[in-house]
Each structure stands twice: as C-alpha cells, then as structure tokens.
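Everything on this sheet refers to the single structure shown next.
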Amino acid sequence: MPATPAGLHQLATHAEREHDPFAGRRSAAAEPAVVIQAADGAPVYLALTREDIAATARALSSAWKTLGVAGGDTVLIYDYGASPLTLFASWCYVPHLEKGAADLLGAVPICNDGLPEFASRALHVLRYLRPGVTIVDAAHMPVFLRRVAEERARIGEWTRLLAVSPDDEAAGPREIAAWERELDLPVRLLLRSGPALFFAAQCEAGALHADPRHYRVEVAPVEGSEPVAVGEGSLCITNRFLRGTSVERYLANVEVAIERGLCSCGRSSRPFRCLA
Amino acid sequence: MRIPPSAQEIFDAGEVLPPAEMARRQLRGLNRAVRFAAANLPFYQRVFAEAGLAPEPVRSFDEYARRVPSIRKADVAGAVRAAGTGQIGIEALGGRRLSNVVMTSGTLGFNTFAFLTPSDLRGGSLLNSLRELWIVGVRPGMKVLTLSPAWHALALLDTRGLTALGAEAVIPWGTFAPRFVPNFLDAVVAHRPEHILLTAPVLRGMIEECDRREADARDVFASVRYIACAGESLSAPYRRHVIERTGIDDLFERGGSSDGMFGGGECFAHRGHHISADLHYVEVIDPVSGELLAPGRRGVPLVTNLLRGRSVYIRFNTEDVAAIVPGECPCGRTDPVIELYGRLSDSVVLEDRIVAPADIREALDTIPDFMGQPFQIEHAGPARIRIAMGVTRPWAMLSRATDAVRSALRIDATVTISENLAVGWKGQVMRGG
Ligand SMILES: [Zn+2]
C-alpha cells in the first residue's frame with residue numbers, strides 16, 4: 001500500500017511524541033554514517049548511509065548541471081554549512097563523501113555560511129572570486145539584496161547566474177522576475193526540500209526538473225487526497241535513492257503544477273513550476 | 001593512512017621523533033619552502049626581492065629568523081585588494097586540481113582566501129587533522145557531534161579526518177552562533193554523541209541552556225566522553241567547571257590560525273597545542289624588535305607551512321600572543337607545544353610584559369559570577385591595566401575580581417563595568433567597536 005503523504009509538521013509531531021528524532025523514517029537495517037537535521041528548527045533528522053551520501057551528492061550535481069554549472073566554475077553557496085545545499089556540494093563538507101556535486105562536475109565550491117550578517121561577505125566572495133554560479137538560500141534574499149543596493153555592487157559583472165534556493169517553500173515567477181530586474185542578472189530557482197533530500201532546478205526554458213532517476217514527484221490536489229502524477233497541488237516527493245531513511249510521499253510545503261507534456265529543453269522528466 | 005589501535009595515545013611516529021632529528025627535518029623543510037616560493041610564488045618573489053633575500057640556504061633557525069622576511073595579515077589582504085582577486089601568488093598548487101577554496105577568519109574586517117587541492121587534503125593536511133582529532137580523543141567508530149561551517153579550513157579538515165577515522169557524524173542545523181545553542185543541546189539529547197567538536201562560546205551557551213531548562217547537565221551530557229573547543233583559550237578553572245558540571249572525562253582546547261592555516265590540539269596534560277613539526281614550523285618573536293624568542297618567552301607566533309598543494313604561508317605573523325612551552329610533555333610527544341593567549345590587538349603590551357586575554361580569563365574564571373563573561377583589557381598607565389566587563393555586577397564583586405587579577409598577575413589592575421562593549425556574532429568582544 002502506498003504511504004499516506006505527510007509533511008514536516010506531521011514528522012515533527014511524530015518525532016516529539018515518540019521521542020524519535022527520525023520520525024519513524026529510519027531504516028533499522030542500514031548502518032548510518034552521518035545523521036543530519038532535516039530543517040532549521042525542526043526536531044527531525046535523516047540517517048544516511050555512505051551510499052545515501054554519495055547518491056545525494058549525485059542528485060545535487062544533477063540539479064547544478066541543469067543550472068549550467070560546468071567544469072572550471074567556482075560556485076558560491078550562501079547558506080549554512082549544515083544545509084543539504086552545502087553539505088553535498090563538496091567531498092570536504094560532509095564526512096564519508098568522496099565526490100560532492102562540485103567534484104562530480106569539476107567545479108570548485110566556496111561556502112559563505114548562512115547568517116544574515118554574512119551577506120556582505122557573500123559580496124566579498126563575488127567581488128574577489130567571480131563565481132560562475134552563485135547559490136543563495138531564498139531566506140537570505142532580502143538581506144542579500146539590501147547589501148547589494150548598499151554597496152552599489154553590480155554583481156552581474158561578477159557572476160553569470162544567481163540560483164535562489166527556497167527550502168520547502170515556493171518562489172513564484174513574479175518574484176524571480178523582480179530579482180532579475182533588481183540585480184540585472186539571470187535568476188533561476190533551485191528548489192529543495194531538506195526533509196526529502198530533494199533538489200529540482202529550473203532549466204533554460206524556465207521549467208523545474210527533478211531527475212526521475214532520483215525522485216518520483218507527484219501532486220496532492222487537495223489536503224488528504226491521493227497524489228497524482230500530473231496537475232496542480234502540493235508537491236509530493238518520493239526519494240528513490242535513500243536507504244538509511246525512507247522518504248515516501250513527503251508532502252512539501254510547495255504548490256506546484258506538473259505538466260503532462262515534455263519541456264522544450266528536451267529533458268525527459270515532466271516539467272513543473274511553482275504556483276505563486 | 002594507517003589508523004593506530006584506539007588505546008594508543010600517539011597517532012604516529014612523526015609526533016615522537018627525537019628532537020635533533022625533528023630540527024634537522026624542519027630546517028630542510030624550511031629551505032625547501034623558501035626555495036619553492038622563490039622559484040614559483042609571485043607574492044613571495046616580491047616580498048623576498050624587497051627584503052634582498054639571498055638564495056643561499058639557511059643553516060639555523062636563528063639565521064632563518066634573521067634573513068627571511070615575515071608577512072602579516074595586512075600584507076595578504078593588501079595583495080588581494082591590489083590584485084582584485086583572491087588568488088595572489090601564494091598558492092603552491094603545482095598544477096594539481098583545485099578542489100576547495102576557504103576563507104580566513106577576517107579579523108582585520110577583510111577575509112582572504114586559501115586554496116586547497118586533493119593532494120594536500122589527502123596528504124599533509126589530513127595527517128594534521130588526524131593527529132589533532134586523535135589527541136582530543138576522537139577514535140574510530142565514535143559518534144561525534146559536529147558542525148561543518150564550511151567556509152573555514154578547520155571544518156574541511158575535520159570532515160576529512162572524521163571520514164578517515166570512520167566516525168559517525170551527527171550534524172545539527174546551524175552555525176556556531178548563539179541562536180543555535182538550544183538546537184545543539186537538543187541534538188545532544190536526541191543522539192547521545194560520545195564526542196563533541198564545537199567552539200568555546202557555544203559550549204558555554206549550552207551549559208547555560210541546561211540551567212535555563214532546569215536540566216541536570218550531567219544527564220544531558222551523559223553519553224559524552226570528550227569535548228574539544230576551538231576558537232579561544234580555555235582557563236583551567238573553566239575546564240574544571242565544565243568537567244564538574246557535565247561529568248565528561250576531559251575538555252580539550254584546539255588552536256592555531258585559519259589565517260596561517262595551521263593548528264593543533266591539547267593533549268591530556270593541557271600545556272598548550274601540539275604542533276606537527278613535520279608539517280608546520282612555528283617560531284615566536286618579540287612583537288617590537290622582531291628578535292627570535294627562546295621557549296617560555298611571550299611574543300607573536302610566526303608560522304611557515306611545510307606543505308604543498310595548497311596556499312602556503314611563510315613566516316606569517318598571526319598577530320596572536322604565544323609562547324613555546326619548554327620542557328618534556330608527559331604524553332610522550334616530542335613535537336613543539338605552543339600556548340596561545342589571545343590576539344595581540346586584544347592584549348596590552350607593557351614595558352616588560354604582554355597582558356593577554358587568557359591571563360585575565362584565568363583570573364576572572366576563579367570567580368563563578370565572572371566565569372566566561374566578556375571583557376576588554378585597556379592600557380591605563382605605564383604599568384597599569386583596566387578590565388572593562390560587559391556585565392553589571394555589584395561593587396563588592398568587582399572589587400573581588402580586581403583582587404583576583406592583581407594577585408594572579410601581580411599587576412596594578414582595576415575591574416570596571418563598561419556599558420558599551422561591542423559583542424560580535426560569536427559572542428566575542430569586538431575591540432574598538
Ligand atoms: Zn602532550
């Protein structure tokens with residue numbers, strides 16, 4: 001029987017009630033090498049085997065590739081070191097990983113850590129390292145934009161793409177267009193969900209893609225309904241590669257529309273977009 | 001790298017070389033480092049040319065100190081500014097693939113960058129990390145609670161070290177800032193780690209958080225055998241206090257400099273930081289005259305990395321206060337022990353001595369109400385200092401603190417309250433803020 005969709009709130013409630021930081025999702029058979037917290041402020045953890053860690057890095061690199069990260073690029077990550085956005089980027093960011101997303105693509109990562117106070121340090125890195133792609137956690141965008149304005153920085157001269165990464169939440173096309181105008185720089189989404197170790201990136205045609213080898217994406221049209229493959233509703237994620245933690249039909253706090261047809265970019269996965 | 005049996009105190013033979021052999025290897029390493037820099041690294045070519053450094057090898061550490069010019073953080077930052085790029089000609093990558101870039105601590109308000117290759121991260125820097133984790137009690141298979149603030153070199157080295165040791169890592173969300181302290185404490189309760197790697201202000205915050213929750217710290221830390229703290233020196237009273245409060249077996253200090261890219265841990269004797277002599281050469285010089293100081297005398301440490309495949313620092317002045325601790329260490333290691341006392345800019349340099357933050361901390365931590373509380377040392381006369389505290393305490397208590405500082409340091413001192421100490425994001429006092 002397929003699992004009933006559950007979101008972070010339900011997982012957190014379960015974790016607290018049962019005194020189980022893995023919220024009932026840990027596989028007893030698998031020996032974890034690393035245990036990470038799923039999200040800021042949530043008492044929910046994921047147990048990861050060595051294979052899980054390597055596979056998560058492959059999933060992240062697939063998203064980076066969709067964003068156009070290539071060999072020789074420097075990639076700046078403005079997020080906490082404990083965020084999946086950072087952890088799986090490098091073989092030196094999480095124990096027991098031999099190839100991070102950057103290593104798989106021949107890129108070089110630099111992490112800025114995630115405090116709002118570090119927005120000007122992100123600009124400092126942009127100024128002096130000229131990263132090809134800059135990834136910023138969406139929660140940091142207001143402070144990042146403020147610093148850019150205060151320093152009158154023309155970051156379009158320092159990086160060719162800004163990837164904004166909302167964690168388990170949506171960012172609509174209007175918001176992205178506003179960021180593009182303000183920064184005079186192409187902006188794309190790198191949608192993620194920590195509790196599902198999920199990454200989906202916006203392609204050059206503007207659609208979000210999640211690698212079907214790594215994830216099954218569905219939508220739950222209304223609360224409590226059975227998820228379906230196509231249509232509008234809450235994003236529902238099944239992670240296909242994790243062994244230490246079972247992620248089946250995780251209900252992300254993101255409203256999306258999954259399209260029936262293929263994307264003009266030529267990728268084989270069904271395109272989807274965030275609903276504002 | 002071969003991992004020794006868990007019960008063994010020493011990680012490898014490189015830590016216990018006979019001193020004469022260690023010195024011989026270091027001199028050879030220093031000459032090799034200088035020769036490589038002179039031939040390949042534009043930043044040092046410029047620095048050496050300006051100092052008129054002759055190409056002949058040095059034959060002693062004295063000669064090394066006399067002839068080879070030193071550099072400071074401002075020189076490196078200035079080069080980044082002038083070049084408009086983070087890569088300034090100190091990167092001894094030798095054509096190897098670059099895998100990571102990290103930032104230095106930015107104590108001058110300007111972060112510089114260090115570049116790392118897998119060859120170093122699997123070689124010298126990994127060995128350094130393994131020795132450091134080993135000395136602070138991390139053992140194969142241990143469950144270790146850690147964070148990976150991946151902008152900092154130490155986080156990368158810990159990650160590779162924990163991988164090589166086969167440790168199970170527990171990584172809570174956040175960074176080493178006060179807002180995440182409750183979350184780290186929750187993680188200890190939920191996951192029961194045997195070892196914790198963190199910073200001193202966060203550890204202090206976690207114990208305070210136990211009090212706020214009216215939880216017995218001994219219950220909270222029941223699974224934990226060791227804690228190792230980076231970032232500042234810990235006083236002996238504070239170490240005793242933490243061990244007493246939490247019931248852990250030992251609390252270790254880790255230290256070095258992210259700017260000079262070196263570091264080491266304390267052994268159980270807590271005399272200072274064991275620095276791998278085959279990987280880094282550390283000398284202590286007089287901050288005013290530049291004269292090389294004998295063990296036991298305080299000055300500023302200069303580091304020369306004997307490693308390649310990464311950014312290298314040659315006679316880099318970390319602008320801390322330090323001394324090489326004389327005598328044999330009970331742990332059996334023969335590598336040098338360096339004690340670090342805080343930043344030179346946070347210290348007061350008097351005619352005949354340097355009063356550093358660690359001296360004041362040691363004295364104030366004998367009084368429970370002042371333990372761990374932020375302060376700033378100010379120059380108050382030719383042989384007089386004032387200690388401005390960031391917390392309000394009754395007058396009688398201040399007078400007790402004054403007595404404690406006076407009797408511990410045998411110096412004319414006054415402890416006062418200051419309303420306007422600026423505290424940084426880590427909870428540290430910002431000088432001149
Ligand atoms: Zn020792």
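The values are calculated or read from the model by the stated rules, or taken from the named source; none is laboratory data. This structure is a prediction, so every number in the text was calculated from the model and none was measured. In this analysis, Cβ positions are derived from the backbone assuming ideal geometry, glycine residues included, and neighbour counts consider all displayed protein chains. For accessibility, only protein heavy atoms count, side chains too; no ligands or nucleic acids. Shrake-Rupley method; radii C 1.70, N 1.55, O 1.52, S 1.80 Å.
Run the numbers for B:R59 and B:V16: contour at 0.36 nm per residue of separation, minus the present Cα-Cα distance, in nm.
Contour length minus Cα-Cα distance gives 13.2 nm.
Add -39500 (n - 2.57) for each DSSP H run of 4 or more in chain B, then divide by its residues: what number comes out at 222 nm, to the nearest 500 deg cm²/dmol?
Result for chain B, helices only: -10000 deg cm²/dmol.
B plus A alone minus the pair: what accessible area, both sides summed, probe 1.4 Å, in Å² to 100?
Using a 1.4 Å probe on protein heavy atoms, the buried area is about 3800 Å².
Less than 14 Å from a label point 7 Å out along the Cα-to-Cβ axis of A:E157: which backbone N atoms in region B:59-96 qualify, by residue?
It comes to B:84-85, nothing else.
Which whole number in µm²/s is D for chain B by Stokes-Einstein, with the Kirkwood Rh taken over Cα pairs at 37 °C and 0.692 mPa s?
146 µm²/s
Label points 7 Å out from Cα along the Cβ direction at B:R28 and A:C265: separation in nm?
Placing both labels 7 Å along Cα→Cβ, they lie 5.5 nm apart.
What FRET efficiency comes out for B:I417 versus A:S225 if R0 is 56 angstrom and r is the Cβ-Cβ distance? Round to the nearest 0.05.
After rounding, the FRET efficiency stands at 0.35.
Hey, if you put +1 on the Cβ of every Lys and Arg and -1 on every Asp and Glu Cβ in region B:319-412, which of B:Q373, B:I354, B:P326 ends up farthest toward the positive end of that dipole?
Checking the options against the dipole of region B:319-412, the answer is B:Q373.
Please report the Cα spread of region B:347-417 along all three principal axes, rounded to whole Å, starting with the longest.
32, 20, 19
Starting from the exponent 0.38 and prefactor 2.2 Å, build the expected Rg for chain A from its residue count and divide its actual Cα Rg by it.
0.96
Taking R0 as 30 Å, what FRET efficiency do you get between A:R17 and A:E232 from their Cβ-Cβ distance, rounded to the nearest 0.05?
Given R0 = 30 Å and the Cβ-Cβ separation, E is 0.40.
Would you kindly state how much longer the chain becomes between B:E378 and B:R410 on full extension, computed as 0.36 nm times their sequence separation minus their alpha carbon distance, in nm to one decimal?
Result for the pair: 9.9 nm of gain on full extension.
Would you please classify the overall shape of region B:158-235 from the alpha carbon gyration tensor, given that a ≥ b ≥ c denote the square roots of the eigenvalues, rounded means a/c under 1.5, and beyond that prolate means a/b larger than b/c while oblate covers the rest?
prolate
Given H placed on each backbone N at 1.01 Å, which residues far from B:F262 in sequence or on other chains put an amide H within less than 5 Å of it?
B:S257
Within the set of other residues whose C-beta is less than 10 Å from the C-beta of B:E168, count the net charge using Lys and Arg as +1 and Asp and Glu as -1.
Once all neighbours under 10 Å are counted, the net charge is -1.
Starting at the first residue of region B:209-217, write each ³J(HN,Hα) from the Karplus equation 6.51 cos²θ - 1.76 cosθ + 1.60 with θ = phi - 60°, in whole Hz, x for Gly and Pro.
In residue order, the calculated couplings are 5, 4, 5, 4, 7, 6, 9, 6, 4 Hz.
Pop a pseudo-label 7 angstrom from the Cα along the beta-carbon direction at both B:A7 and A:R216 and give the gap in nm to one decimal.
5.2 nm
From the backbone phi of region A:261-276, what are the Karplus-calculated ³J(HN,Hα) couplings (6.51 cos²θ - 1.76 cosθ + 1.60, θ = phi - 60°) in whole Hz, Gly and Pro given as x?
So the Karplus estimates, Gly and Pro as x, are x, 8, 8, 5, 6, x, 5, 7, 7, 5, x, 9, 9, 7, 9, 5 Hz.
Between A:Q10 and B:R192, what is the FRET efficiency for a Förster distance of 30 Å, r being their Cβ-Cβ separation, to the nearest 0.05?
Given R0 = 30 Å and the Cβ-Cβ separation, E is 0.75.
Along the three principal axes, how long is the protein assembly as shown when you take its alpha carbons, biggest first, rounded to the nearest angstrom?
79, 60, 53
Take the alpha-carbon centre of region B:372-417, take the same for region A:164-230, and report the distance between them in whole Å.
Value for the Cα centre distance between the two parts: 56 Å.
Just report the Cα centroid separation between region A:10-67 and region B:162-213, whole Å.
With region A:10-67 and region B:162-213 each reduced to a Cα centre, they are spaced 18 Å.
Based solely on its DSSP helices, what 222 nm [θ] is calculated for chain A when runs of n ≥ 4 H residues each add -39,500 (n - 2.57) and the sum is averaged over all residues, nearest 500 deg cm²/dmol?
Here the helix-only value at 222 nm equals -7500 deg cm²/dmol.
Please report the accessible area of B:S6 (heavy atoms, 1.4 Å probe, ligands and nucleic acids excluded) in Å², nearest 10.
Number for this one is 60 Å².
Please get the size of the charge dipole for region B:314-408, origin at its Cα centre, with Cβ charges of +1 on Lys and Arg and -1 on Asp and Glu, quoted in debye to the nearest 20.
Roughly 260 debye for region B:314-408.
Leaving out ligands, DNA and RNA, and with a 1.4 Å probe, what % of the accessible surface on region A:217-276 is carbon or sulfur?
Carbon and sulfur: 46 percent of the exposed surface of region A:217-276.
Would you list A:R121, A:R147 from the most to the least accessible area, probe 1.4 Å?
A:R147, A:R121
Whole-Hz Karplus ³J(HN,Hα) for region A:193-209, in order, using 6.51 cos²θ - 1.76 cosθ + 1.60 and θ = phi - 60°, x for Gly and Pro?
Going residue by residue, I get 9, x, x, 10, 6, 10, 9, 9, 10, 7, 7, 5, 8, x, 9, 7, 10 Hz, with x marking Gly and Pro.
When ligands, DNA and RNA are left out and all protein chains stay put, how many square angstrom of accessible area per residue does region B:167-278 have with a 1.4 Å probe?
31 Å²
Quick check: pseudo-label points 7 Å beyond the Cα along Cα→Cβ at B:H270 and B:R35, how many nm apart are they?
The answer from the label model is 4.5 nm.
What's the local net charge at B:I248, with K and R +1, D and E -1, over the other residues with C-beta under 12 Å away?
+1
Quick check: the distance between the Cα centres of region B:296-319 and region A:243-276, to the nearest angstrom?
If you average the Cα positions of each part, the centres end up 51 Å apart.
Hey, if we sort B:H195, B:H270, B:H241, A:H19 by accessible area with the 1.4 Å probe, largest down, what's the order?
A:H19, B:H241, B:H270, B:H195
Which of the aspartates and glutamates could be linked to A:K99 by a straight reach, that is with a Cα gap under 17 Å, when you skip same-chain ones fewer than 8 residues away?
By straight Cα distance, A:K99 reaches A:E51, A:D52, A:D73, B:D120, B:D158.
Please give me the summed charge of the neighbours of A:W91: other residues whose Cβ is under 11 Å from its Cβ, Lys and Arg +1, Asp and Glu -1.
Net charge around A:W91: +1.
One-quarter of the Cα convex hull surface for region B:65-218, in nm²?
12.0 nm²
Please compute, for the alpha-carbon atoms of region B:1-95, the extent along each of the three principal axes and give them in descending order in Å.
That works out to 51, 31, 26 Å along the principal axes.
How many Å² of accessible area per residue for region B:347-417, probe 1.4 Å?
47 Å²
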